[in-house]
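Reviewing the structure listed below.
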Amino acid sequence: MPAPHSERKIKSSRFSLIGCRTDMTPEQNQTLTLTGPGTPMGALLRRYWLPFLLAEEVAGPDCDPVQVTLLSEQLICFRNSQGRLGLVDEFCAHRRVSLWFGRNEEGGIRCPYHGWKYGVDGRAIEIPSEGEAFCARVKLKSYPCVERGGVIWAYMGPADLQPAVPEFEWAMVSPGQRYVNKRLQNSNWVQALEGGIDGAHVSWLHRGALANEPMRIGSLGAKYQNDAKPRMEVMDSPTGLTIGARRSADGADDYWRITQFVLPFYNMIPPYGDHALHGHAFVPIDDQHCWVWTFTHHPVRDLSADEHAALQSGEGIYAELIPGTFEPKANRANGYLMNRADQRAGRHYSGVPGIAMQDASLQESCGPIHDRSRETLASTDTGIIMARNRLLRAARNLERGEQPPALDPQSHHLRSASFLRPAGIPFGDIVDEVVQAGAGPGLPHMSI
């Protein structure tokens with residue numbers, strides 16, 4: 001493992017802070033980004049439930065099997081005739097042909113090559129050419145799955161250490177109160193995560209959206225984010241990090257945006273006005289691709305038809321997708337639909353339409369795995385530095401036998417927030433107020 005990081009303290013009045021560094025060695029970058037079997041970060045991520053499919057992708061009993069690559073493992077997901085979920089090795093134990101060609105029928109998935117059939121737990125339940133004793137010895141690798149919040153989750157870690165199912169608020173509200181989707185991103189998962197917790201880039205990259213995106217227009221939050229010099233304050237928390245971006249507001253007030261980073265790969269994005277809360281999960285497919293999940297929910301009401309239209313417009317944090325796929329319509333092959341006229345006019349600051357693809361285009365431009373050893377970091381990168389440190393520390397501690405953070409479902413009962421407070425209040429007091437407000441059924445969120 002990499003040598004311990006050099007440390008510098010971040011001022012705080014209440015919360016204990018982890019140390020951080022402003023550079024990273026190639027070896028540390030590799031530890032941070034690689035998640036396949038046998039890697040330190042892969043071992044950490046396998047201790048959590050991982051969202052990997054929309055429930056509609058495996059919609060009913062005996063549905064078509066779905067190919068899944070998750071943490072660089074090739075798998076097949078299906079529902080059997082009783083509706084139970086299975087996630088098993090993609091390849092038949094016999095001659096290693098893909099079970100994507102399999103027949104999902106009569107309680108299991110049958111390989112069409114020689115008729116070997118498997119249940120949702122990966123055990124062979126019929127091998128036509130052999131007897132029961134032979135069949136009992138055959139088993140595919142398999143992982144438990146659950147459905148919650150319209151999403152299918154997998155646990156890929158040690159069976160005796162399986163945690164309880166996550167309880168993020170978006171997954172617990174009624175279906176009418178949420179909207180969930182995912183998109184493919186052609187970069188390592190950490191690049192996407194770092195963009196999701198970067199509270200400084202909004203004032204630049206998304207400044208056109210502050211004036212034009214339907215779920216931001218007219219809010220005080222959109223107005224105050226025109227301050228392009230946020231002061232970042234970051235605190236360690238039991239679940240990950242609490243990240244504050246402080247901007248000047250009218251008069252003697254500060255405008256605060258509080259983002260939550262929850263290990264291993266979740267963020268909670270501050271809201272605007274009475275609009276819904278948002279969040280992401282950045283789930284590794286392999287080391288060069290990830291799923292960017294986006295979750296939207298309102299804690300006290302159903303989402304309106306106008307909000308659904310805005311979420312599906314491609315202008316906001318959900319990308320417009322190529323029909324029948326989860327690949328964005330704007331992608332590397334077509335220059336992300338770059339429009340220089342819109343760039344010059346200020347409608348899209350980078351020339352790329354839509355908040356989601358403004359982020360993805362720049363994150364993908366760094367290459368499949370960003371070389372962090374060549375960076376020059378600044379004060380606004382404090383949250384990113386500390387998130388890297390937090391992940392590396394959790395992976396090191398796991399190797400020493402320590403329990404990873406944020407496994408307890410109670411630790412998921414958090415929210416982001418945006419609000420005004422008189423200038424000069426210490427960040428620790430601000431965070432205490434947000435934490436005490438908490439998150440719970442029927443409680444309104446803190447937003448302007």
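All of the numbers you see were taken from the coordinates with simple rules; none came from a lab. Treat the numbers as computed from the prediction; the structure is a model and nothing was measured. Neighbour counts run over all protein chains shown; Cβ positions are idealised from the backbone, glycine included.
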Next item on the list: Would you pull out the residues with amide H under 5 Å of Glu167's amide H, same chain only if 5 or more places away, H placed 1.01 Å from N?
Entry: His412
Notebook entry, point to check: So how far apart, in nm, are the two label points at Leu420 and Arg347 if each is 7 Å from Cα heading toward Cβ?
Noted result: 3.2 nm
Notebook entry, point to check: Which residues' amide hydrogens lie under 5 Å from the amide hydrogen of Ile322, considering only partners 5 or more residues apart or on another chain, with H built in the peptide plane?
Noted result: Glu327, Lys329
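Within region 93-140, which trypsin sites (Lys or Arg not before Pro) sit in a loop by DSSP and count at most 14 neighbouring Cβ atoms inside 10 Å?
Numbers: sites: Arg95, Arg96, Arg103, Arg110, Lys117, Arg123, Arg137, Lys139; in loops: Arg95, Arg96, Arg137.
Sites meeting the loop and neighbour criteria: Arg95, Arg96, Arg137.
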Next item on the list: Could you run the Karplus curve 6.51 cos²θ - 1.76 cosθ + 1.60 with θ = phi - 60° over region 283-298 and give me ³J(HN,Hα) per residue in whole Hz, x for Gly and Pro?
Entry: 9, x, 7, 9, 6, 10, 9, 8, 8, 9, 7, 10, 10, 10, 8, 10
Next item on the list: Just need log10 I(q)/I(0) for region 360-448 at q = 0.11, 0.17, 0.24 Å⁻¹, Debye formula, equal scatterers on the alpha-carbon atoms, no solvent, rounded to two decimals.
Entry: -0.57, -1.11, -1.18
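Averaging over every viewing direction, what projected area does the convex hull of the Cα atoms of region 321-400 cover, in nm²?
Working: hull surface 33.1 nm².
Orientation-averaged projected area of the Cα hull: 8.3 nm².
Please arrange Ser361, Ser129 by how many other C-beta atoms lie within 10 Å of their C-beta, fewest to most.
Details: Ser361 22, Ser129 9.
Listed from fewest to most nearby Cβ atoms, that is Ser129, Ser361.
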Check: Give or take rounding to whole Å, what are the principal axis extents of the alpha carbon atoms in region 169-437, in descending order?
Finding: 48, 47, 43
Checklist line | Amide H contacts of Ile125 (H built 1.01 Å from N, under 5 Å, at least 5 apart or other chain) | finding: Lys117, Tyr118, Gly119
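For region 162-266, which chymotrypsin sites (Phe, Trp or Tyr not before Pro) are both in a DSSP coil and crowded by at most 10 other Cβ atoms within 10 Å? Don't skip to the answer; put the middle values down first.
Values: sites: Phe168, Trp170, Tyr179, Trp189, Trp204, Tyr224, Tyr255, Trp256, Phe261, Phe265, Tyr266; in loops: Phe168, Phe265.
Taking region 162-266 and a limit of 10 other Cβ atoms within 10 Å, no loop chymotrypsin sites (Phe, Trp or Tyr not before Pro) are found.
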Next item on the list: Report, in whole Å, the centroid distance computed from the Cα atoms of region 223-259 and region 371-438.
Entry: 13 Å
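Suppose a student asked you for the relative contact order of the chain, using Cα pairs under 8 Å spaced at least 6 residues apart; what percent would you report? Don't jump to the answer; show the numbers that get you there.
Details: 990 pairs, mean separation 90.1, N = 448.
This gives 20 percent for the chain.
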Next item on the list: For region 49-161, evaluate the Debye formula with one uniform point scatterer on each Cα (no solvent term) and list log10 I(q)/I(0) at q = 0.20 Å⁻¹, rounded to two decimals.
Entry: -1.02
Check: For region 107-116, what does the Karplus curve 6.51 cos²θ - 1.76 cosθ + 1.60, with θ = phi - 60°, yield as ³J(HN,Hα) per residue in whole Hz, taken in order and with x for Gly and Pro?
Finding: x, x, 10, 10, 5, x, 6, 9, x, 5
Notebook entry, point to check: Mind listing the phi-derived Karplus ³J(HN,Hα) values for region 246-254, rounded to whole Hz, using 6.51, -1.76 and 1.60 with θ = phi - 60°, and x for any glycine or proline?
Noted result: 10, 10, 6, 10, 5, x, 9, 9, 10
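Grab the chain and count how many Lys pairs have their alpha-carbon atoms under 20 Å apart, sequence gap of 8 or more, or different chains.
Details: Lys11/Lys229; Lys117/Lys139; Lys117/Lys141; Lys182/Lys329.
Eligible lysine pairs with Cα atoms under 20 Å apart amount to 4.
Please label the shape of region 269-320 as rounded, prolate or oblate, based on the square roots a ≥ b ≥ c of the eigenvalues of the alpha-carbon gyration tensor (a/c under 1.5 means rounded; beyond that, a/b larger than b/c means prolate, else oblate). Intermediate results must be reported in sequence, preceding the final value.
Details: a/c = 2.85, a/b = 1.88, b/c = 1.52.
Verdict is prolate for region 269-320.
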